[in-house]
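Participant: I have a structure I would like to understand better, so I am pasting it below and will then ask my questions one at a time.
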Amino acid sequence: MSTFHFDKFSLVNILDDEAEFIPLMTSEDEEEMNKEETPEILSILPLRNTVLFPGVVIPITVGRDKSIKLIQDANKGDKVIGVVSQKDDQIEEPNAEHLHEVGTIARILKVFRMPDGNTTVIIQGKKRFKILEILSTEPYIKAKIAPYDVSKTPKDPQFDALVSSIKDMALRIIEQSPNIPTEASFAIKNIESSSYMINFISSNMNAEVSEKQKLLKEPEIRKRAELLLQYITKEMKLLELKNDIQSKVKTDIDKQQKEYFLNQQMKLIQEELGGNPQDQEIKEFSKRALKKKWNKEVKTRFEKELSKLQRMHSASAEYSVQVNYIETLLDLPWNECSKDKFDLKKAKAILDRDHYGLKEVKDRIIEHLAVLKLKGNMKSPILCLYGPPGVGKTSLGKSIAEAIGRKYVRMSLGGLRDEAEVRGHRKTYIGAMPGRILQSLKKVNTSNPVFVLDEIDKIGTGNHNGDPSSAMLEVLDPEQNENFYDNFVELDYDLSKILFIATANSLTTIQPALRDRMEIIEINGYTLEEKVQIAKKHLIPKLISENGLKTKQISIPEDVVALVCEEYTRESGVRNLEKRLAKIARFAAKSIAMEEKYDTLISKEKVFEILGPGHSKDKYQGNDVAGVVTGLAWTQVGGDILYIEVSLSKGKGRLTLTGNLGDVMKESAMIALEYIKAHAEEFGIVNTAFENWNVHIHVPEGATPKDGPSAGITMLTAIVSAFTQRKVKSKLAMTGEITLRGRVLPVGGIKEKILAAKRANINHIILSIDNKKDIDQIDKVYLKGLNFSYVVEMKEVIGLALLSSKVKNAVKIG
């Protein structure tokens, strides 16, 4: 790094043709400049990384919109601006607190656009000033200023000696710095004015902006000169140290060259003795290649690349890249497959052992094995297990691998943003490697593993690095993936024998073309009974082992597990259940470790003591209030119940919707109200009621965003109940979309909604007639204790949902 920046000498070519050079300031020029009047108000140009001193000419590049506007306006006017340095150069839009107090009045000499599109301005410092007050910040900063008085140049031998020392030190620095042009020393020798000499060297020295600002702010010229001498003396010492280091480095380079020649001679001696390590490495590659089961194309490519390696020098940069490529070809399991186990009964037993329920998935795996057993060879299916978190989608992959006797590999796709993660980088790049698909196959050393693509719905969409979800189309297409092309390997690789299992919580975020290539298997949430059995057969034995307990040291009965499910978890899966049971297991472990007495049979009372009070939310809350109806909703963590509350108040018929509702849900409320207005007589509502009463619809838990059409019939029932003051039938819930014609349309997520209803002790559910087919497909175990009413028209919903009796303290609406 050079100590001075004498870029000002390059300005000769920048100014117009009339100016052959920029003259150095004389004492007379300086005196005349000091006599110029200081304006009261001045436009302020903030500088990021430099300080302008009086008399000094500097070029600056202007990039900020405000600064460009200021320069354009000033250049059209008197060309006078105020230049102030920023305290922090990172701030894009500086205000008063970000600027130093003292700056320099400057005159614009020239404005022009550079070839790269930036605006460059040549300015010359005039006088120091002090900011009194910022008057405005738009379109650029304008400030009220005052002159900043500085002392006159003293005429005594001590000061002259000080200036002479500064000049000598500056000339020494120029002499020892190879980056500073020789013209700089001529410039310094020809400067007459002492104050301009100090300003000129202060401007060009290599120092922090804060140090330069300190020099600008110092009003006493003698102190300023002493401070400058201190800075450049320090710079001189650093420069001498740098030159010293460079001479030592030169000696080290000579030593390295000597070592290189010796190494070359040693290599020649090794070759004479027949022990060249490069030849040994190539022989090893050839030996490994004999065991590979690759096709003709791959074999030809390998031999060509090996031949290229033989011709390369081992010290060249390309040698390591070539070795890496050949090793990758040898490490990949070309046509090497593990043998499948065709004992279907044993496979089913393994799946049943590790996972409770999930009948549809297990049946699909057994079907695949059966076809494979009969045919001997087939393209593997691309399965996508879709469902809420914690239902066992990812862990199912391990069980499937064990059941069919294949290796297991998992690749997490959550947040993947770069296409090269899937397809690899071209081998010409430094640090290039194959994509994660082929890297995973290298790891398991087989071409037919069970390959779990975890969280495929959370794959990112890169803006600059390609789209990884589009790259996955080739991987997951059974018609294409037998010729998968990786950018690093540059050869077709057969992925058709891999059993891909993708997992997802939501199908909406998966690209439609990618979704179309996969066989979607929905895994719904578990019932309370299923959760109890999963805890009994899987979770509790696992937690006993993980916490260092023995079976006789803790016992958690089924009714206690059911209590934990109902009071402490609100999920479709069993992940939170496992966490709560783990806390109970840790309680037992702590008691044993601290030698405290405890009851090994965990009671319900003990659960409340260990886990604290229960916080179950989704329970039915009764039908004592008119206008409150229970609806059913689907969420990413399973089904849930929600309450639609309608309140009427005297007014002019205004409709208010609250509860963080989406547009679709708001539209459902409007449709419901308009339908009721159109059929008011049928529901026993006086027409004037809509003009005299405001309707407020609220859905509790306002922090949670809610949307979708499935609350349509719930809103309809709640509004009719509020206007008629009729009671809603006890333990009733409903879900369905509505239309202005009065039709009830089907909705999705039926199984999750039914499970939510069961958890909330609801026994009667109203659905669209078109949802009956969904109910028929659900296992009868889930439907136990539930009654279903199927409707076509919205009028039928009111007949089923509302009782003829009115609520206590009913309000007369009319």
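The values are calculated or read from the model by the stated rules, or taken from the named source; none is laboratory data. Please read all numbers here as calculations on a predicted model, not as lab measurements. Note that we place each Cβ from the backbone using ideal geometry, even for glycine, and neighbour counts take in every protein chain shown. Each accessible area value is taken on the protein alone, full model and side chains, heavy atoms only, with ligands, DNA and RNA left out. Shrake-Rupley method; radii C 1.70, N 1.55, O 1.52, S 1.80 Å.
Participant: Exactly one of (1) part of a helix (DSSP H, G or I); (2) buried (at least 20 other Cβ atoms within 10 Å of the Cβ) is unmet by Lys442. Its number?
Facilitator: Condition not satisfied by Lys442: (2).
Participant: Quick test for you: out of Ser469, Ser506, pick the one residue that is modelled with pLDDT under 85, farther than 19 Å from Ala420 by Cβ and small (Gly, Ala, Ser).
Facilitator: So the residue among Ser469, Ser506 that is modelled with pLDDT under 85, farther than 19 Å from Ala420 by Cβ and small (Gly, Ala, Ser) is Ser506.
Participant: Moving on. Can Ser555 be described as small (Gly, Ala, Ser) and either closer than 19 Å to Trp634 by Cβ or in contact (Cβ under 8 Å) with a residue 12 or more places away in the chain (or both)?
Facilitator: yes
Participant: When you look at Asp477, is it of a type in the set (D, E, K, R), modelled with pLDDT under 85 and touching a Lys or Arg at 6+ places or on another chain (Cβ under 8 Å), yes or no?
Facilitator: Considered against the rule, which asks whether it is of a type in the set (D, E, K, R), modelled with pLDDT under 85 and touching a Lys or Arg at 6+ places or on another chain (Cβ under 8 Å), Asp477 comes out as yes.
Participant: I would also like to ask the following. Of all the residues that make up segment 143-179, how many are in a helix (DSSP H, G or I), within 19 Å of Leu227 (Cα to Cα) and of a type outside the set (Lys, Arg)?
Facilitator: Final tally of qualifying residues: 15.
Participant: Kindly evaluate Leu800 against the criterion of being open to solvent by less than 10 Å² (accessible area, probe 1.4 Å) and more than 22 Å from Val664 (Cβ to Cβ).
Facilitator: no
Participant: Okay, next question. Kindly provide the set of residues from segment 99-119 that are open to solvent by 10 Å² or more (accessible area, probe 1.4 Å), at pLDDT 85 or above and over 16 Å from Lys217 (Cα atoms), ordered by number.
Facilitator: Correct list: Arg107, Leu109, Lys110, Val111.
Participant: Look at segment 720-776 and say how many of its residues are of a type outside the set (S, T, N, Q), part of a helix (DSSP H, G or I) and open to solvent by less than 20 Å² (accessible area, probe 1.4 Å).
Facilitator: Number of matching residues: 11.
Residues checked against (1) touching a Gly at 6+ places or on another chain (Cβ under 9 Å); (2) closer than 25 Å to Asp352 by Cα; (3) of a type in the set (Gly, Ala, Ser):
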{"position": "Gly548", "(1), (2), (3)": "no, no, yes"}
{"position": "Gln553", "(1), (2), (3)": "no, no, no"}
{"position": "Val560", "(1), (2), (3)": "no, yes, no"}
{"position": "Glu566", "(1), (2), (3)": "yes, no, no"}
{"position": "Glu571", "(1), (2), (3)": "yes, yes, no"}
{"position": "Glu595", "(1), (2), (3)": "no, no, no"}
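Here's the yes/no breakdown for (1) open to solvent by 10 Å² or more (accessible area, probe 1.4 Å); (2) in contact (Cβ under 8 Å) with a residue 60 or more places away in the chain:
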| site | (1), (2) |
| --- | --- |
| Ser338 | yes, yes |
| Lys345 | yes, no |
| Leu351 | no, no |
| Asp354 | yes, yes |
| Lys375 | yes, no |
| Ala420 | yes, yes |
